[in-house]
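> Encoded as structure tokens, here's the structure I'll be asking about.
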Amino acid sequence: ANVHITIDASGSMAGSRFENCQTAVVAIAKAASMIDNLDIQVSYRTTTGDKPIILIAYDSRVDSFRKITNLFKHICASNLTPEGLTFEAIKNELVTASGDKESYFINFSDGMPYCEPKGYQYWGESAIQHTRKQVDNMRKRGIKVLSYFIGGGQYASTKDDFTRMYGKSAQTIDVTNLVPLAKTLNKMFLTK
């Protein structure tokens, strides 16, 4: 199986919510590193200047787990939320499911898509629909999607808008409590 985990690294995630997501993702990556035939990638998405960016910070197919222990403590959350734009940008990096390969996309996010690349406004209804389209495209490729809403932030989107983007796979969860997190992950992994 292949699991791609992506984390919203926008400014509204900064502080304990981002740190808690980091802890959860490191725990998932560590568990995955002990399982044969399970590949995992971890990416972060934000903006720099007026450009949306996505950083693939770890890929178990080419990186050792040591990269996580050395690098992740230096990654912080700032700037804006390019959401669907970055999903579209990495679509060719995501592993398509096939007869002998399961593929999963796990998202941690608190916010509405919002950024303003040069000459373009990406927010509101059009950004919600664009993100939804990118998620639907993943599902058409057989990629199972699970998206965690990290609520409570000053700029956080409403749960309704989050559900519109991610559909039935949208979950509200306390990332500091690993037992419910593990249960939702197990449920996704066991679904055919």
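> Suppose each label sits 7 Å from its Cα in the direction of the beta carbon; what would the K30-T96 distance come out to in nanometres?
3.6
> Could you run the Karplus curve 6.51 cos²θ - 1.76 cosθ + 1.60 with θ = phi - 60° over region 84-101 and give me ³J(HN,Hα) per residue in whole Hz, x for Gly and Pro?
Using θ = phi - 60°, the values come out as x, 4, 6, 4, 5, 5, 9, 4, 7, 8, 6, 7, 6, 5, 9, x, 10, 9 Hz.
> Provide the percentage of antiparallel DSSP beta bridges, counting only those with both residues in region 1-145; round to the nearest 5.
Bridges in region 1-145 are about 40 percent antiparallel.
> Count the DSSP beta bridges whose two residues both fall in region 97-192, then state the antiparallel fraction as a percent rounded to the nearest 5.
Counting only bridges with both partners in region 97-192, antiparallel ones make up about 25 percent.
> For L38 and S16, what does the FRET efficiency come to when R0 = 35 Å and r is the distance between their Cβ atoms, rounded to the nearest 0.05?
0.75
> So, one more: Compute the accessible area per residue over the chain, keeping the other protein chains in place, probe 1.4 Å, unit Å².
Value returned for the chain: 50 Å² of accessible area per residue.
> Can you compute the radius of gyration and Dmax for region 101-145, using only the Cα atoms, both in Å?
Radius of gyration, then largest Cα-Cα span, for region 101-145: 12.7, 40 Å.
> Here is a follow-up. What's the angle, to the nearest 10 degrees (0 to 90), between helix 124-140's Cα axis and the longest principal axis of the chain?
20
> Now for a different question. Pull out the extension gain between I75 and K140, defined as 0.36 nm times the separation in residues minus the alpha carbon to alpha carbon distance; nm, one decimal.
Between I75 and K140, full extension yields an extra 20.2 nm.
> I would also like to ask the following. Short version: ³J(HN,Hα) in whole Hz for each residue of region 17-34, in order, from phi by Karplus 6.51 cos²θ - 1.76 cosθ + 1.60 (θ = phi - 60°), x for Gly and Pro, what are they?
With coefficients 6.51, -1.76 and 1.60, one gets 5, 5, 4, 5, 4, 4, 4, 5, 5, 4, 5, 5, 5, 5, 4, 5, 5, 9 Hz.
> Still on this structure, I have one more. Using only Cα atoms, tell me the angle between helix 178-190 and the longest principal axis of the chain; keep it within 0 to 90° and round to the nearest 10.
Long axis of 178-190 versus the principal axis of the chain: about 70 degrees.
> Using modelled amide H (1.01 Å from N, peptide plane; none on Pro or chain starts), what sits under 5 Å from the amide H of Q171, excluding residues fewer than 5 places away?
It is S147, Y148, F149, by chain and number.
> Excluding G111 itself, calculate the net charge of residues whose Cβ lies under 9 Å from the Cβ of G111, where each Lys or Arg counts +1 and each Asp or Glu counts -1.
-3
> What are the ³J(HN,Hα) values, in whole Hz, obtained from phi via the Karplus relation 6.51 cos²θ - 1.76 cosθ + 1.60 with θ = phi - 60°, for each residue of region 4-10 in sequence order, with x given for Gly and Pro?
10, 9, 10, 10, 5, 10, 7
> Around V26, under 13 Å between beta carbons, what's the net of Lys plus Arg minus Asp minus Glu among the other residues?
Surrounding charge for V26 is +3.
> Okay, moving on. Largest first and in whole Å, give the semi-axes of region 79-192's equivalent ellipsoid, each being the square root of 5 times a Cα gyration tensor eigenvalue.
24, 19, 11
> Mind jotting down a quarter of the surface of the convex hull over the alpha carbons of the chain, in square nanometres, one decimal?
Averaged projected area of the chain's Cα convex hull equals 10.3 nm².
> What 222 nm value per residue comes from the helices of the chain, counting each DSSP H run with n ≥ 4 as -39,500 (n - 2.57) and dividing by all residues, nearest 500 deg cm²/dmol?
For the chain, the value works out to -11000 deg cm²/dmol.
> Within region 56-149, how many Lys pairs sit with Cα atoms under 24 Å apart, leaving out pairs fewer than 8 places apart on the same chain?
Counting lysine pairs in region 56-149 gives 11.
The values are calculated or read from the model by the stated rules, or taken from the named source; none is laboratory data. The structure displayed is predicted, hence computed values, not measured ones. Here Cβ is always computed from backbone atoms with ideal geometry, including for glycine, and neighbour counts include all displayed protein chains. The protein model used for the area step is the full one, side chains on, heavy atoms only, and it has no ligands, DNA or RNA in it. Shrake-Rupley method; radii C 1.70, N 1.55, O 1.52, S 1.80 Å.
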